[in-house]
Amino acid sequence: MVVADRAGGVTLANHAFTEFTGRTQDEVLGRPWPEVCDRADPESAWKLHRAALGGAPVHQRALVSADYGGVSHRIVAEARALPGTGPEGKPDGVVVVFREPLREEETLRVISELRTENADTALWTLDLRSGRLQELFGPSPLGRLLAGDARGLDELLARVHRDDIARVRDAIEASHQGRDYEQRFRMFDHVGDERSLHARARYIHGDHPRLVGTIDDVTEHVQLIRRLADRRRIEAAQGRQVTDLAAKLVSATTVEEVTGLLTDEFAPIFGGAGAAVMLVEEGSLRPSPAPPEEDAGPMGLAEEHDASDIAHPVGAVVSDRQPRFFESRGEILERFPGVAEFLHRTSAQSWATIPIFGDRRVALGVWQVSWGEPHHATPDERALMLTLAGLAGQALQRVRRQQEELQLADAIQRRMLPPQIARFDELSIAVRYLPARAGWRVCGDFYDVIRLPGRRVGLVVGDVQGHGVEAAAAMGQIRVAFRAYASNQVDPGAVVAETNRLLSETGEIVFATCGYLVLDLDNGEMQAAWAGQPPAVIATADSYDLWEPETGPPVGVDSDSKYPVTTRRLRAGDTLLMCSDGLVESSGMPMDEGLRIVGENLRGRAEDVEGAAASLIGLTPAGRGDDIALLIVRMNGGG
């Protein structure tokens, strides 16, 4: 046993201590007792000394090292503060009792050291009365990392994450009621890094109730779980993105849309720094879209290139329809040395070159993705690239078929519109037809001016419902029917009714909206029969008015439909506009608003029908999602 002052200096040592250490009283007195025990490793003893001065009870003990006969031994040291107090109410010193460790204590010490030495674990005990927290059997790497010089519970709780502190405090309060402790929480270590911890402890009752347990650093485990969760979220987001982009491919209506999706939206899914597409056209590879002047194009091919050139990676992919993946510049140079010059002009480091297939595995082109650093394309990435390229190939074939149909339908429609319209001295007439820009749509919009007996003129504008060749062909049939019936019928309602009956009895599912009126050149009287057509606009230089003739159903719907006739006079100087709904109505433009815009535009140009037609075609208030047919007639003679 020894008695030591606050600085650790020995003031009294009994005979057993001097005999055990092999030192005389003179050699021991005045020296710090931890260093008397073991000059090589006194830290455990100093920790026990400080704990005793801080008020730790006697049952707080430690295994310390002590030299005896030139050999270091492990002994149990129990320390407590001396009775009485010195200045400022602090103990004058400590009394330390030494004894040989029990076999179980030494075994537990060894096991604890093995458990904590190279693991993110610490063994701890918390005095529930004093709030004193300390490690069992000396400091561990994790204990030093978390606590540093802190010893009190409040000091350590101050480092707990603010979102977890209330839960940690509640669990400690519950332990005062005799409950065991277990919590997962975040805490900042003494250097400021956030750690995720799992603490468990058993409650031990007695004169000094305490918790004894372990704390594990589970930061890496938590980070791994977060990375896996992030990866799942990213994969889910990528899956949704791929689904959305695949839907865009299905709805693409031009070659440029398809290739633009591959270059601008698909490549980033794989982390690509750039992408390009080359399509096979008449045995040559051509970039699509054309790259900017400063861009070298796919593997330096900014212009067309022979598709059969297997000395180039792009040509080789087209030739054998096999994808090529190059993870480094050295790999591509070894296989295709001809691209060496191109490599001097690019910062790309890795490439994936994927064939774009059509029916019967015909190569339609090549899609190339590049990375700015070495990249290994995983099997999943490769499979997804091939799938997307396959979808792009299907989309390209569909678009090309639609474009061929568009060209055919457009040609049919233009041939069926009157190449020249009838002219009259009393009238100024302008007509326009404008095809839609909404992808491949060709509709059946039409107009006609018919010379009738008795100084009368037939004016007709219509819109066959549907798209493509069928709509264009039906438009031709309806225009011919109008001309045939108009030559034999004076009543415009009868003309529309006969045309309706003809369409209804053909057995084809074809219907059309149309407006037909007969204008008397002598007195300006107009007799109109309407079949679902937008109102006509009548304008002067100062104002405009909407004329809404009474309407029947579209022709081709009901063979027994009747079409009433509405009469109005077109005065000298008045300008009449008849148009299909594509000019004044769309999903984003209500017809009332479209008619208002058209009326305001026509009012200022009523005296110049050609200028008015050009202005309206340029204005297209409802957009270009549908075909547009318009007919403008001005009754001459007004000022």
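Where a number appears in this text, it was derived from the coordinates with a stated rule and is not lab data. Keep in mind it's a predicted model, so treat the numbers as computed, not measured. Using ideal geometry, Cβ is built from the backbone for each residue, glycine included, and neighbour counts are taken over all protein chains shown.
By count of other Cβ within 10 Å, fewest leading, how are 5, 445, 626 ordered? Present the calculation step by step, with values, prior to reporting the outcome.
Details: 5 17, 445 30, 626 23.
Starting with the residue having the fewest Cβ neighbours, the order is 5, 626, 445.
Can you compute the FRET efficiency between residue 165 and residue 100 using 1/(1 + (r/R0)^6), with r the Cβ-Cβ distance and R0 = 51 Å? Round to the nearest 0.05. Present the calculation step by step, with values, prior to reporting the outcome.
Details: r = 43 Å, r/R0 = 0.85.
Computed FRET efficiency for residue 165 and residue 100 comes out at 0.70.
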Using the alpha-carbon centroid of each, what span in Å lies between the range 549-570 and the range 242-289?
-> 49 Å
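Determine, from the Cβ-Cβ distance of residue 520 and residue 617 and an R0 of 25 Å, the FRET efficiency 1/(1 + (r/R0)^6), rounded to the nearest 0.05. Each step should come with its number before you reach the end.
Working: r = 29 Å, r/R0 = 1.16.
Rounded to the nearest 0.05, the efficiency is 0.30.
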Rounded, prolate or oblate: which fits the range 417-635, taking a ≥ b ≥ c as square roots of the Cα gyration tensor eigenvalues, rounded meaning a/c under 1.5, else prolate when a/b beats b/c?
-> oblate
Between the Cα axis of helix 103-117 and the main Cα principal axis of the chain, the angle (0 to 90°, nearest 10) is 30 degrees
In what sequence do 366, 3, 555 fall when counting other Cβ within 10 Å, fewest first?
-> 3, 366, 555
Please give the FRET efficiency for residue 241 paired with residue 455, using the beta carbon to beta carbon distance and R0 = 56 Å, rounded to the nearest 0.05.
-> 0.25
Calculated from backbone phi, Karplus (6.51, -1.76, 1.60) coupling profile of the range 176-187 in Hz, x at Gly/Pro | 5, 8, x, 9, 5, 10, 7, 8, 10, 7, 10, 8
Using θ = phi - 60° and the Karplus curve 6.51 cos²θ - 1.76 cosθ + 1.60, what whole-Hz ³J(HN,Hα) does each residue of the range 615-627 get, with Gly and Pro shown as x?
-> 5, 5, 5, x, 6, 5, x, 8, x, 10, x, 9, 5
Residues with amide H under 5 Å of residue 555's amide H, sequence separation 5 or more or different chain, H placed in the peptide plane at 1.01 Å from N; which?
-> 512, 514
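Helix-only estimate, please: 222 nm mean residue ellipticity of the chain, summing -39500 (n - 2.57) across DSSP H runs of length 4 or more and dividing by its residues, to the nearest 500.
That calculation yields -10500 deg cm²/dmol at 222 nm.
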What's the extension gain from residue 19 to residue 174 if we count 0.36 nm per residue and subtract their Cα-Cα distance?
-> 51.0 nm
Report the dimensions of the chain along its three principal axes from the alpha-carbon atoms, largest first, rounded to Å.
-> 148, 62, 47
Hey, if you put +1 on the Cβ of every Lys and Arg and -1 on every Asp and Glu Cβ in the chain, which of 168, 637, 250 ends up farthest toward the positive end of that dipole?
-> 168
